[in-house]
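Read through the structure below, which is laid out as structure tokens, and then see the notes.
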Amino acid sequence: MLLDADNVYYRELNQQIRELVAKGETEFEIVNVRGQRYIADGLDGDLKFLIHGVPGQDMAAFMRGPTIRVEGNVQDGVANTMDEGLIVINGMAGDVVGYAMRGGKVLIKGDVGYRVGIHMKAYKEKFPVLVVGGKAGDFLGEYMAGGAIILLGMITGKPDAPICGRSMGTGMHGGVIYVRGEIPAEQLGPNLKVEPVDEEDMKLITENLEQFCKEFGVDLKAVLTEPFQRVKPFSHRPYGNLYVAC
């Protein structure tokens, strides 16, 4: 189903999508997207979206199952509390990608903004994964509780910037962040440890990078020429003694 979003208010566009889903439509191509918010929010099932343009805030929030490919950049809040599904962004993404995400996968070809992956959490058999081909802003993985972030720092519009901004992993008490290459110590939040990856880590990293490289036409061998490091919290209660005596 081809939809033209040119000059269509976001509420009208989303209502049209929901009505078509209710009638049994499962595949959508949406053109001329210019900031329309909440696309595919809360949708369930085996639905497929191909989006041309720049979706607005909170695309795929609370989504449970659909696949979305965006041929362009996206604004803030993608995959907010997403439960399941796949999002492929052939461009850059804004702030707060994957907020409280508890399942599914987000693949971003380029750079991302601030507070990406905050409050991510694994839930039962669900394990959220976020792969960033470029660099990240401040507070990557803030208060992260589960899942994995893979940060490559390769496909970037900021060649002179560090791979991540300040305070990576601040408040992190679960999950893991994998970083390709060196991590500047001054960019890390407190109470974290940086370690070389092991065989199990590389299995998870490689599985996700194979999919990333296939989606974006990137050479997997080139990605794997640099070693990866693992960022994890020292404990699941890194700030517990600030509130209750240990």
Virtual spin-label span in nm between Thr26 and Glu200, 7 Å along Cα→Cβ: 3.6
Between the stretch 170-212 and the stretch 87-123, what is the separation of their alpha carbon centroids in Å? 15
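Can you work out D for the chain in µm² s⁻¹ from Stokes-Einstein, where Rh is the Kirkwood radius over C-alpha pairs, the temperature is 20 °C and the viscosity is 1.002 mPa s?
Here the translational diffusion coefficient equals 118 µm²/s.
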Please compute the modelled spin-label separation between Glu71 and Glu19, points set 7 Å along Cα→Cβ, answer in nm with one decimal. 2.6
Residue by residue through the stretch 160-177, which ³J(HN,Hα) values in whole Hz follow from phi under the Karplus form 6.51 cos²θ - 1.76 cosθ + 1.60 (θ = phi - 60°), with glycine and proline marked x? 8, 7, x, 4, 9, x, 6, 6, 4, x, 4, x, 4, 9, x, x, 8, 10
From Cα pairs below 8 angstrom and at least 6 apart in sequence, can you work out the relative contact order of the stretch 16-114, rounded to a whole percent? 20
Alpha-carbon Rg with Dmax, taken over the stretch 91-209, Å: 12.8, 40
Could you compute the net charge surrounding Pro227? Neighbours are other residues with a C-beta less than 13 Å from the C-beta of Pro227; K and R count +1, D and E count -1. -3
With springs connecting C-alpha atoms under 10 Å apart, model the chain as a Gaussian network and identify which of Arg180, Arg18, Arg64 has the largest mean-square fluctuation. Arg18
Treating cross-link reach as a plain straight distance, find the lysines whose alpha-carbon is under 19 Å from the alpha-carbon of Lys158, omitting any fewer than eight places away in the same chain. Lys109, Lys135
Rounded to the nearest 5, the percent of DSSP beta bridges in the chain running antiparallel is 20
Given a Förster distance of 41 Å, report the FRET efficiency between Tyr9 and Tyr123 from their Cβ-Cβ distance, rounded to the nearest 0.05. 0.75
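Per residue, how much accessible surface does the chain expose to a 1.4 Å probe? Answer in Å², no decimals. Each step should come with its number before you reach the end.
Numbers: 11400 Å² over 246 residues.
Dividing the accessible area of the chain by its residue count gives 46 Å².
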On a 0 to 90 degree scale, rounded to 10, what angle separates helix 10-22 from the longest Cα axis of the chain? 80
Using alpha-carbon coordinates, inclination of helix 199-216 to the longest axis of the chain, degrees: 30
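Over the chain, what percent of the accessible surface lies on carbon and sulfur atoms, probe 1.4 Å?
That fraction is 50 percent.
The values are calculated or read from the model by the stated rules, or taken from the named source; none is laboratory data. The structure displayed is predicted, hence computed values, not measured ones. Reconstructed Cβ throughout: ideal geometry from the backbone, glycine too, with neighbour counts over all protein chains shown. Side chains are part of the model used for accessible areas, which takes the heavy atoms of the whole protein and leaves out ligands, DNA and RNA. Shrake-Rupley method; radii C 1.70, N 1.55, O 1.52, S 1.80 Å.
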